[in-house]
Amino acid sequence: MKRATLFSLCFFVLPFVLFSQLKDLRVLDEPLSVPIFNKHISYPEGIVDNTKNLNDQTAITYTPLTRVLGAQWSLFGMLTPFVYEPISNTLILSIANYTRPQNETDLLGTITLFYSTDYGQSWQTRGVFSKLGEVPVLASVGVVNPENSTNPSRLSYFVFAPFARKNVQGDYPWAGGMYVISTPDGTESSDFLYPGNLAGYRWWTSRVAAHTTSDGSFAYNVGMLVNSETTQYGQYGFSSFSFGDFDFLFQGCPPSWSLSRFRTSGNLNSTFNSNMLLDVDNQGTVYAAVCNFFQPNVTKGSDRVPGISKSTDYGQTWSEFQPAPSSVFTDYVSTWGGTLDDQTAVIFPYQPDAFVVLGPEQYSFFTRVMILDNSGRLRELHIVEANYSGGLWTVNKVANILDFPSIIDDVSTQQNVLKDSLYTSFLANELQAAKTKDGNYIILKWVDFIDRLIVINPPVVIANGAQMLDTLFTTDVFFAYREKNMFQWSEPVNVTNDTVYDKITWIPNIVPSLEKVPFVKSVTLPIQYNQADHPRNSYPAFVQQLVVDYPQEVRFASVSLIGISKVEEQVNPDFYLKEPQPNPANGDFTEIDFVLNKPMNIKLELFDVMGNSIRTLYEGFASAGIHAIMVNTSEFATGSYFYKLSTADGISVTKLLNIIH
């Protein structure tokens with residue numbers, strides 16, 4: 001592809017073909033009893049006409065940071081472009097871009113780090129990559145501070161980006177994954193055509209995490225790889241890098257993450273696997289989280305659950321994935337009056353979820369749960385938190401959401417042919433989780449439609465000729481938070497609260513405080529092509545904001561969540577202890593579920609038939625709501641056992657568990 005069409009091929013045609021095609025194939029793989037989602041949104045009482053100025057003032061103030069050629073810097077959810085280093089108090093944003101320097105025939109690819117040490121009031125830049133003939137995109141960044149320095153110039157950075165490289169024909173085909181390691185003493189970049197020994201695969205987008213322990217400083221990246229004509233899509237790739245050794249400890253796919261561990265697909269270009277999330281606790285244990293079908297439970301729609309794999313040796317070896325009990329999610333749906341059958345998916349798949357590690361063996365996974373009525377229509381869509389602490393899984397509601405936001409992109413594969421399409425954003429609701437610097441609070445950010453209908457007057461026919469837009473709902477950015485040791489979420493707050501269509505937003509996985517929560521967003525610049533009759537020139541400002549493959553401005557804002565006290569409503573049914581699933585337990589695990597109608601201290605014990613306590617399954621505080629524990633029954637001999645749930649109120653319930661080997 002020559003100069004005139006490099007941008008459209010490298011940055012948008014391939015991603016769209018790759019992800020939209022796979023999305024369609026994957027939905028065919030997994031039966032879903034769901035409606036067309038925007039049908040369930042009720043029309044608001046107030047309607048806004050787009051003949052008025054829709055670029056009204058927002059509730060927050062933005063700082064423009066830079067312009068990029070389209071949303072190449074963060075269009076996909078498998079990224080970590082924005083981080084916060086708490087010791088030096090530094091915010092860092094990674095931006096990949098390219099230009100054609102004067103008198104040059106080749107493109108100049110660059111990666112620039114924007115950083116601020118005063119909560120975003122002022123920004124400086126640090127270039128970490130610049131090379132003719134190589135074009136990185138979609139950069140993720142991790143930062144380490146081995147000296148515990150307050151000086152941002154003493155930080156080290158690990159940047160990953162897929163990239164295109166000029167070949168002898170003058171084209172820029174995709175070349176794999178680029179790693180840029182930037183230290184106070186110098187910069188080194190490496191690129192890998194294949195991840196380790198996974199022949200036939202290459203890197204695409206990837207998330208990054210980094211940390212420092214007494215053993216040194218380490219960085220990691222994880223993502224779903226691009227397959228070939230003979231390899232299966234859905235394969236995970238992982239890298240582990242040691243700053244001390246200045247070398248990779250691992251590059252490839254851990255054996256415990258192999259495709260055989262998950263539900264298999266009959267089509268090489270489709271997968272049931274979702275994208276993986278990554279975080280690290282304060283002792284250096286690395287956690288990988290993914291919402292998948294885990295063997296052997298791969299047949300029912302409700303078998304898709306979050307699972308966690310851990311590494312205690314800096315990513316060199318990984319444990320098997322430990323799935324959450326599926327019953328804790330089906331119980332949640334039942335509690336909210338939803339109906340279930342074997343084919344019904346409980347968790348909406350594939351689109352980005354969120355994950356945050358709160359401490360050793362403590363973490364929270366955020367996803368979307370569907371509440372369907374008796375006819376299989378979607379009644380409600382919830383963001384839920386699945387929290388794990390000391391063996392206990394707890395699912396609580398964070399908020400209702402209305403729908404999945406959309407974007408407009410040119411999906412044509414032909415030169416000089418525009419074929420715009422309106423479709424669900426790859427980022428979907430843009431779920432991202434964080435913890436505060438002091439570790440006392442958990443924060444969740446998302447994007448959702450609001451009940452404000454924008455009338456497109458006159459209607460717009462977008463350039464594929466098949467979609468006429470006469471009305472659209474607008475979107476806003478929402479936050480909610482809870483205290484680490486309290487399980488009630490705050491009321492969701494709409495921080496943008498305007499008629500502008502918000503899209504492509506990011507927060508770091510650590511934020512300074514509830515009072516200073518940083519986020520960045522992408523804003524489409526006013527569209528004006530040189531061709532007077534170009535279809536996009538006629539799009540009104542509101543519709544232009546949905547376009548992602550036109551130059552974007554990256555903006556920064558800081559919001560305060562102080563003063564939000566009302567909590568999201570919860571459904572708290574009566575106290576009960578469920579029968580184990582399965583019972584008899586004839587495999588490695590059984591699930592024990594219970595519901596508490598109020599927060600309390602509890603104890604769950606396992607007894608033999610003689611009444612001897614042989615294992616405390618959980619002891620400690622538990623919130624009101626739905627809970628489950630996975631019991632490894634392979635550790636116990638064949639026979640009958642009793643388990644008892646006791647509360648601080650003096651209530652106890654005992655049930656029978658049979659184990660067969």
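The values are calculated or read from the model by the stated rules, or taken from the named source; none is laboratory data. From a predicted model like this one, the values you see are computed outputs, not experimental measurements. All Cβ positions, even for glycine, are placed from backbone atoms using ideal geometry, and neighbour counts span all protein chains on display. Heads up: the accessible areas ignore ligands, DNA and RNA and are worked out on the full protein's heavy atoms, side chains in. Shrake-Rupley method; radii C 1.70, N 1.55, O 1.52, S 1.80 Å.
Side notes on the structure shown:
- Annotation: extensible slack from E483 through E188 equals 102.1 nm (criterion: 0.36 nm per residue apart, minus Cα-Cα distance).
- Label-zone membership for the range 526-545, site V417, 7 angstrom Cα→C-beta point, backbone N under 18 Å: 535-536
- Net charge over other residues, Cβ less than 11 angstrom from the Cβ of S217 (K, R count +1; D, E count -1): -3
- Listed residues Y550, I660, T394: farthest to the positive end of the dipole of the chain (Cβ charges): Y550
- The 3J(HN,Hα) values that the Karplus relation (6.51, -1.76, 1.60; θ = phi - 60°) gives for the range 359-367 are, in residue order, x, x, 6, 9, 7, 10, 10, 10, 8 Hz. Gly and Pro appear as x.
- Estimated FRET transfer efficiency (D373, Q295; beta-carbon r; R0 35 Å; 0.05): 0.65
- Tilt relative to the chain, helix 14-29 - C-alpha long axis, 0 to 90 degrees, to 10: 30
- Residues whose amide H comes within less than 5 Å of that of S425, counting only those at least five positions distant or on another chain, are S406, I407 (H built at 1.01 Å from N in the peptide plane).
- Shape of the range 221-372, Cα gyration tensor, a/c cut at 1.5: oblate
- Local net charge near F160, Cβ-Cβ under 15 Å (Lys/Arg +1, Asp/Glu -1): -1
- In a simple Cβ point-charge model (Lys, Arg +1; Asp, Glu -1; nothing else charged), the chain has a dipole of about 700 debye relative to its Cα centre.
- Which labelled figure in (i) 1.62; (ii) 1.19; (iii) 0.96 is Cα Rg over 2.2 N^0.38 Å, once derived from the coordinates: (iii)
- Signed unit charges on C-beta, dipole axis of the range 423-522, positive-most listed residue I462, I507, F478: I507
- Cβ-defined net charge surrounding S421, 9 Å radius [Lys, Arg +1; Asp, Glu -1]: -2
- A straight chain from T61 to T105 at 0.36 nm per residue would run longer than the Cα-Cα distance by 11.8 nm.
- The share of accessible area on the chain that comes from carbon and sulfur is 48 percent, using a 1.4 angstrom probe.
- Considering only Q316, F262, S327, the residue lying farthest towards the positive end of the dipole of the range 258-347 is F262, judged by Cα position with unit charges set on Cβ.
- Backbone geometry of the range 531-538 corresponds, through the Karplus equation with coefficients 6.51, -1.76 and 1.60 at θ = phi - 60°, to 3J(HN,Hα) couplings of 6, 4, 9, 4, x, 5, 4, 8 Hz, x marking Gly and Pro.
- Between D470 and K644, the modelled label-to-label distance comes to 6.8 nm, taking each label 7 Å out from Cα in the direction of the beta carbon.
- Both radii were evaluated on the Cα set of the range 69-118; the Rg over Rh quotient, with Rh as the Kirkwood radius, amounts to 1.10.
- The helix-based estimate of mean residue ellipticity at 222 nm for the chain, built from -39,500 (n - 2.57) per DSSP H run of four or more residues and divided by its residue count, is -1500 deg cm²/dmol to the nearest 500.
- What separates the Cα centres of the range 86-142 and the range 538-557 is a distance of 21 Å.
- Accessible surface for the chain, divided over its residues, is 38 Å² per residue with a 1.4 Å probe.
- Gain upon complete extension [H661, N632; 0.36 nm per residue less C-alpha separation]: 9.2 nm
- Distance between the range 580-632 and the range 463-489 - C-alpha centres, whole angstrom: 37
- Column: log10 I(q)/I(0), Debye, Cα scatterers of the range 141-266, q = 0.11, 0.17, 0.20 Å⁻¹: -0.44, -0.89, -1.11
- Charged side chains reduced to their Cβ positions (Lys and Arg at +1, Asp and Glu at -1) give the range 255-340 a dipole of some 300 debye around its Cα centre.
- With R₀ set to 60 Å, the beta-carbon distance separating S256 from S122 gives a calculated FRET efficiency near 0.85.
- Protection proxy ranking, highest mean first, for peptides 600-610, 235-245: 235-245, 600-610, where packing is the per-residue count of other beta-carbon atoms within 10 Å, averaged.
- The range 272-289 - phi-based ³J(HN,Hα) in whole Hz, Karplus 6.51/-1.76/1.60, Gly and Pro as x: 8, 6, 9, 6, 8, 10, 9, 7, 9, 8, 6, 9, x, 6, 9, 10, 10, 10
- About its Cα centre, the range 514-556 has a charge dipole of approximately 140 debye under the convention of +1 per Lys or Arg Cβ and -1 per Asp or Glu Cβ, with nothing else charged.
- Förster radius 45 Å - calculated FRET efficiency between R615 and S513 (Cβ-Cβ, nearest 0.05): 0.65
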